[in-house]
Amino acid sequence: MTATPSRRSLLYAPADDTAILESAFDSEADGVVCELEDGVDGAAKADARDNVERVVPGLSSADTEVCVRINSLKSDCWMTDLDAALAAGVDTVVLPKVDYGHEVRTLASVVRQLTTEAERPDVIVALERPRGVFYGREIAEVCAEIDVVTAAYQGYADYCEYTGASSTNDEIRHFLNRLLVGYAGLAGIEPIAPADVRVEDADRVRAFAERCSEMGYDGQLALHPAQVEVLNDVYSPSRSEYEQARHLVSTYRESEAGSMVVDGVFLDRPVVNRYVDTVRQYEAIHDIEPTVEYDFLE
């Protein structure tokens, strides 16, 4: 298994259902999150772990990031979940319901003890409950110190459960999204937008994804294969955006000015860095050899 360079779409699939797993890996999702947590009933968790070990390796490919969402460290089965994920050689472990920085440290420490550097999976953390959301700065500072932590997302359904808010309330979703993208920036990791529960309304899925993209999110969770095409489109730079970004970066690189205006666009180091992200993302998605050296920005 090999992680993909992009996380435009991470599709959830309950690991106890083989048919759904097959459908998920047959989709165009950049990654599949094999679910062992809330999406799997307690009585079915053993079957789900067995599928992660036996079925998932046969379904995965080098083009799809294989993730497993284990149960939280507050449960009594997270270690069993982790053992199954590591036995399957997954690319990424998703840690849900993070409320404290020490939970991230604990998982990272155990993963280091049980794996070699070559087989060590990434970790994605989820801030889902009010405690985790409002202590996100502390958690982000811990994540910044741990190299295996590469992304974070906010699960607003859990937040709404604890606060009594509607899980389709746009005001709540956008409030939480603003917090999470800031925490991810503080940690220096990828922000992943939460899934949209309105799986059959493609227009609303697109509108929500576009707003998240504008806020700085790199990709989004998906609950159904029907959402994947929309997410891949929204979180992919277009050819024209790529060409413009490459032109602006190259022009800035060749100039000795700290700031300048090119084709009506103001450029300085922070602005150019965002255009560099666009170029790198497009080239990674389309398997293009890097066209510009970016070490001048480091």
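The values are calculated or read from the model by the stated rules, or taken from the named source; none is laboratory data. All figures in this text were calculated on a predicted structure; none of them were measured in a lab. FYI the Cβ positions are ideal-geometry reconstructions off the backbone, even for glycines, and counts take in every protein chain you see.
For the reader, a short list of remarks on this structure follows.
- Val125 satisfies every condition listed in (1) buried (at least 24 other Cβ atoms within 10 Å of the Cβ); (2) over 21 Å from Gly39 (Cα atoms) except (2).
- For the range 251-261, the condition holds for at least one residue, the condition being that it is outside the structural domain of Ala140 (by TED's automatic domain parsing), touching a residue at least 24 places away in the same chain (Cβ under 8 Å) and in a helix (DSSP H, G or I).
- Within the range 168-196, the residues that satisfy the criterion of being exposed (fewer than 14 other Cβ atoms within 10 Å of the Cβ) and in contact with a helix residue (DSSP H, G or I) (Cβ under 9 Å, 6 or more places away or on another chain) are Asn169, Asp170, Arg178, Gly185, Gly188.
- Top-ranked residue of the range 1-36 - restricted to ones that are β-branched (Val, Ile, Thr) and in contact with a Ser or Thr (Cβ under 7 Å, 6 or more places away or on another chain), ranked as modelled with the lowest pLDDT: Thr4
- Of residues in the range 103-115 being free of Cβ contacts under 8 Å to residues at least 40 places away in the same chain and either touching a Phe, Trp or Tyr at 6+ places or on another chain (Cβ under 9 Å) or of a type outside the set (D, E, K, R) (or both), the one surrounded by the most Cβ atoms within 10 Å (Cβ to Cβ): Leu107
- Close contacts from the range 54-70, counting a first residue that is in contact (Cβ under 8 Å) with a residue 24 or more places away in the chain and a second that is in a helix (DSSP H, G or I) and surrounded by 18 or more Cβ atoms within 10 Å (Cβ to Cβ), with Cβ to Cβ under 6 Å and a gap of 6+ residues or different chains, come to Leu59/Phe25; Val68/Val52; Val68/Ala85; Ile70/Trp78; Ile70/Asp81; Ile70/Leu82.
For (1) hydrophobic (A, V, I, L, M, F, W, C); (2) touching a helix residue (DSSP H, G or I) at 6+ places or on another chain (Cβ under 7 Å); (3) in contact (Cβ under 8 Å) with a residue 40 or more places away in the chain; (4) farther than 17 Å from Tyr153 by Cα, each residue gets a yes or a no:
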residue	(1), (2), (3), (4)
Leu95	yes, yes, no, no
Gly101	no, yes, yes, no
Glu117	no, no, no, yes
Ile124	yes, no, yes, no
